[in-house]
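Asker: Let me begin by handing over the structure; questions about it come next.
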Amino acid sequence: MSSTARSASLAQGSGDLLADRRFAYAEGAWADGDARAAFDLYEQTLERVPDWLPARLGLGKAALALGREAEARAAFERVARGDEADMLGARAFLARMGAEGGAVTTGYVAALFDDYAPRFDAHLGSALDYRAPELLAGALASVAGAQRWARVLDLGCGTGLMAKALAGQFGVMDGVDLSSRMLAIARETGLYSRLDCLEAELWLAGEPAQSADLVIAADVFCYIENLAPLFREVRRVLTRDGFFAFTVQDAGEGPSRVGADLRVHHAEADLLRWARESGFVILHCAQVSARRDRGEPVPGALYVLSRDG
């Protein structure tokens, strides 16, 4: 299954014209916020094409919105079994429900951003008021002054917005992302020396020790649940005087969890523990909102860390 399976599956349809029509009505009802009508229409679709995973996923979402958790879980589990690469993201819904086998997977994230890539920059600016790169650049300036970074590692670099925010302030910037389509756009900026399509922790594991003086992650950790192994790799690749800067989506008073938006909300206690256990000192921490959702600021936090010796 390719990384464009999500859009391809919808574009190709189920192979049954009547089922496709009912599915389109279901999607319209879901978009209008009518979960009851959507559930009924997804169910009608599945009566004709019971193995069509996009409709089964839709049924799960509608069931969850209606409080029918057992039905939702059964639907997501069936999709997860049929979609081994998790391109449709059923495991993220299971994680949201706290179900066994739930996780925000790399397959889901890669497919999500491959689909998103062509409209990514325009949508972030016009609809989401996205500003994580600018916030991180400002925080680094307040902590480190007008420092020029010899080598920067950009985790989840996307289309290259972080490189643009730091343009003129680094010698070499290398980036990694799960989405090949996002990387193709980043490559067009001409700001990166190297771009790789890989999971961030694995990528860091292949980098030489003490080879970067800045590792940065703008709005990336909302797709990684356990950051402890990644924190350890970041510390290993940082120079003795290096910095680690990142934003997260804040969990507030609750524990770290996958939220209704299918993004990971990290608890401050977890972040502080991972930082301490990995050998970091926190230089800067601030509550920030890096983007909006439906016009409302999304609670978040920004951290700048340095090595503890």
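Asker: Top mean-square fluctuation among Ala80, Ala110, Ala260, Gaussian network model of the chain, C-alpha springs under 10 Å?
Answerer: Of Ala80, Ala110, Ala260, the most mobile in the Gaussian network model is Ala260.
Asker: Here is a follow-up. How much of the accessible area of the stretch 89-171, probe 1.4 Å, is carbon plus sulfur, in whole percent? Please report the intermediate quantities before stating the final value.
Answerer: On the way: 1680 of 3220 Å².
It is 52 percent, rounded to a whole number.
Asker: Then there's this: With a/c under 1.5 counting as rounded, go ahead and sort the stretch 157-302 into rounded, prolate or oblate using the C-alpha gyration tensor (a ≥ b ≥ c being the square roots of the eigenvalues; past the cut-off, prolate if a/b is larger than b/c, else oblate). Show your work: numbers first, answer last.
Answerer: Details: a/c = 1.68, a/b = 1.21, b/c = 1.39.
Taking the square roots of the gyration eigenvalues as a ≥ b ≥ c, the stretch 157-302 is oblate.
Asker: In addition: Over the stretch 1-141, with a single point scatterer placed on each C-alpha, what log10 of the ratio I(q)/I(0) does the Debye formula yield at q = 0.09 1/Å?
Answerer: Treating every Cα as an identical point scatterer, log10 I(q)/I(0) equals -0.32.
Asker: Still on this model: Please determine, in degrees from 0 to 90 and to the nearest 10, the orientation of helix 106-116 with respect to the longest principal axis defined by the Cα atoms of the chain, where the helix direction is its Cα long axis.
Answerer: The helix 106-116 is inclined about 80 degrees to the chain.
Asker: Same structure, new question: How much length is gained if the chain between Ala127 and Cys285 is pulled fully straight, taking 0.36 nm per residue apart and subtracting their Cα-Cα distance, in nm to one decimal? Each step should come with its number before you reach the end.
Answerer: Details: separation 158, 0.36 × 158 = 56.88 nm, distance 2.65 nm.
Going from the current span to full extension adds 54.2 nm.
Asker: Any idea what angle helix 132-144 forms with the longest principal axis of the chain, computed on alpha-carbon atoms, 0 to 90 degrees, nearest 10?
Answerer: With rounding to tens, the tilt is 20 degrees.
Asker: Could I ask something else about it? Given a Förster distance of 30 angstrom, what is the FRET efficiency for Met97 paired with Lys164, based on the Cβ-Cβ distance and rounded to 0.05?
Answerer: On the way: r = 38 Å, r/R0 = 1.26.
Here the calculated transfer efficiency is 0.20.
Asker: Moving on to the next point. Is it possible to state the helix-based mean residue ellipticity at 222 nm for the chain, with each DSSP H run of 4+ residues giving -39500 (n - 2.57), the sum divided by total residues, to the nearest 500 deg cm²/dmol? What is it? Could you put the intermediate results ahead of the total?
Answerer: Values: 14 runs with 143 residues, N = 309.
Calculated mean residue ellipticity at 222 nm is -13500 deg cm²/dmol.
Asker: Follow-up question, since we're still on this one. How large is log10 I(q)/I(0) at q = 0.14, 0.20, 0.28 Å⁻¹ when the Debye formula is applied to the Cα atoms of the stretch 88-137, each weighted equally and without solvent?
Answerer: Summing over Cα pairs of the stretch 88-137 leads to -0.53, -0.80, -0.91.
Asker: Another question, if that's okay. Could I have the simple spin-label model distance between Arg148 and Gln210, label points 7 Å from Cα toward Cβ, reported in nm to one decimal?
Answerer: 2.3
The values are calculated or read from the model by the stated rules, or taken from the named source; none is laboratory data. Values in this document were obtained by computation on a predicted structure and should not be read as measured data. Don't worry about glycine lacking a Cβ; one is built from the backbone with ideal geometry, like all the others, and counts go over all protein chains shown. For the accessible areas, the whole protein counts, side chains as well, though only heavy atoms, and no ligand, DNA or RNA atoms are used. Shrake-Rupley method; radii C 1.70, N 1.55, O 1.52, S 1.80 Å.
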